[in-house]
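Coordinate-derived values only; no laboratory data. Model, not experiment: these values are computed from the prediction. Cβ placement follows ideal geometry from the backbone for every residue including glycine, while neighbour counts extend to all protein chains displayed.
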Amino acid sequence: MLNRLALRNVKGQWGSYLLYFLTVAFTVSMLFAVENLLYSKELMDIASMLSDISQIINFSVVLVSIVSAIVLGYTSAFMVKLRSREFGLYLTLGMRRGDIMRLFATETAIISLVAIAMGFGFGILVYQGLMGILLKIMGSSYSFSFISIKGSVLSIVTALFIFLVSSLFSLRYLGKATISSLLSPPKSEKTTKHIYFWSTVLIISFGAMVGLFFNTYSELEKSLSGENGGGNVLLMLALCLIVCFVFHFVLSRVLFALLSGNRRLMGKGSNSVVIKNLQSRSTSNALLMGTLSVLFLISVGASSIAVTEKAINDMDIDKSVPYSVMAFSQNKGKSFFSKVEEITEEYSEVKSSYSYSIYTTGKCEVSRVIKGAKESGWMDYYMALSDFNALLEGFGRKRVELEEGEYIASSRYREYISNVEFPETELDGKTYRCIQSSFSYPDFLNKAVVYIVPDIALSGMEEVIECKVFSCDSVPLDILGFKDQLYGVKEKGDTVWSRDAAKYESDSTAGVLIIAMLFISTVSISLSLAILSVKTLSSVNEDKRNMSILRSLGVDGSGRRRIVGTETLVFFILPLAIPLVLSIPISSICAMVYRSWGMSDMIGSAYITTLLIDAFIIIISILYYFITLRIKLMAIDRSERVQ
């Protein structure tokens, strides 16, 4: 009997359950895709390289699952409140409370199971899409990826956990609610007091938000130039989020109260009804508005930063491992280099190679101006200009010209050479001065800083490191096998780098991080919009009364619908507008990072990435808006038919 009634209620209340259904299906699809990605063959092959990141993503999945369960429980509890009068009548007619709880649990189970099934179906497509993104970032060609049994089982367990926890919220409410509380109308919303005080806070917070973004931009420029370690940037970003929250919190409290004081605006059409309704609702939901604005801003920023991180990693590899294979040895003898060359030729054809040496005076005279160098036992390392130019020309870079008595300080670490004035030094009886300190040259040595000097200046120095680089025509098919063999021939004092292995590891890490940011951002946006929709729908009983009054005053159906649509639209726009506008300075900050690192061709991608994220947020928001509006109008229409 209860099962048939539950099935009939699901069919009859399908429009009201659409919000819950959509949120469950979308959340489950993302969880299914990410869980399968984590346990896919492609990622299991490189699990040792991504152990720390995999732990972070697993933690993110757990955190998102808990938050999803709470949000969906909140949504489920709202569905009960939306039907509180119906459940109150059930109790009045003699139905036992336990039967009502089982009835609602059965309805929720039916909706959830269908949503979970559809979520898994859509999740397979999302999984293929995410795998395609990951393989593209890793430089591999796309091929169909089979789902993981372990990932699928974990997804099912996670989905059931979300369903069970979310159901507890609504069942707890039904278990405690009295007949009078179910049948009585909701309490009216409070209005804002002390308008002038809150208006002053609003102006101050807006000015602080604008000032902080400009200050963040300035601090980031200093950080990129090596003037500070970046701690101020993180502080500025944290303050931006706090001020953004305060601004939206206050905006929700005072905006419509201020608008209601404008007689011309209130006198036009149905503005007075819309503004008065929004005034009470936005005031009571000010905390929610502030929180949602911060979540939207974090989603935009995190995704943009993840993509920027990938571009910076690519450029860093171009500098740190400019040749296919680079070998360094402090041990005398050539056996290490011959083994490296032999292994390299097994996996890829060696096009050319070049040998050179690194020298030292055994002292820390030039490097002493670098903070902490002397205390750490650094020595000055020198490289012949002829070797440096030969290596530069090996991949199309211009030669460097030095006059007698000149040297260059080169490092791939900006902090070691920015704002550092290198001293004159005496080499082979002659004085040499630094004419350039640069972090733009490739790193041809496994040391922090190397000094490029004319060949004649090396006379009398000790040769401490032998080096050999190899250029290959193709990428090894088995990069991980190549890396294991190559790194296996090292002894103490030997170092070997593989450009392809370094890039593969960097791309894998960046790819997983990007997908993690996309996962967290998309689910956060979906859950935030679900909360916003629920809070919007929480006023549906008040809307019924207002529409009944407007109907008695002669306002036609289209006019009443327009009022409801306008109220709902403004409620959705309020926490979204400023974060979307702030995405412009966020993309400008990413563009500045590209420009600072000499990646001018990537500047456009910073803005494109932000536009894509904004477009996704807008599309999802529109979808939730129309679903929310549909549920509202259906509830109002049912109320009017009863009347």
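See the values below:
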read-out: Size-normalised alpha-carbon gyration radius of the stretch 489-552, reference 2.2 N^0.38 Å; value: 2.58
read-out: Full-extension gain in nm, LEU18 to LYS176, via 0.36 nm per residue minus C-alpha separation; value: 54.3 nm
read-out: Rotationally averaged projected area of the stretch 80-174 (alpha carbon convex hull; nm²); value: 7.8
read-out: Rg/Rg_ref, the stretch 419-505, where Rg_ref = 2.2 N^0.38 Å and atoms are Cα; value: 1.47
read-out: Sites THR495 and LEU160 - FRET efficiency at Förster radius 51 Å, r taken between beta-carbons, to 0.05; value: 0.50
read-out: Bins of 10 Å from zero: percent of alpha-carbon pairs in the stretch 347-488; value: 11, 38, 32, 15, 5, 0
read-out: For a label point 7 Å along the Cα-to-beta-carbon line of SER438, residues of the stretch 348-382 with backbone N under 18 Å; value: 382
read-out: The stretch 483-600 pair-distance distribution - Cα-Cα, 5 Å bins, rounded %; value: 2, 8, 9, 11, 11, 9, 8, 8, 7, 6, 5, 4, 3, 2, 2, 2, 1, 1, 0
read-out: Environment charge of GLU107, counting only residues whose C-beta is closer than 11 Å and scoring Lys/Arg +1, Asp/Glu -1; value: +4
read-out: Across LYS351/LYS374; LYS150/LYS503; LYS374/LYS468; LYS351/LYS430; LYS176/LYS632, pairs whose alpha-carbon gap is larger than 32 Å; value: LYS351/LYS374; LYS351/LYS430
read-out: Those residues of the stretch 349-388 whose amide nitrogen sits under 19 Å from the label point placed on THR431, 7 Å along Cα→Cβ; value: 365-369
read-out: Those residues of the stretch 519-563 whose amide nitrogen sits under 13 Å from the label point placed on ILE573, 7 Å along Cα→Cβ; value: none
read-out: SER355-LYS150 pseudo-label distance in nm [points 7 Å out on the Cα-to-Cβ vector]; value: 4.6
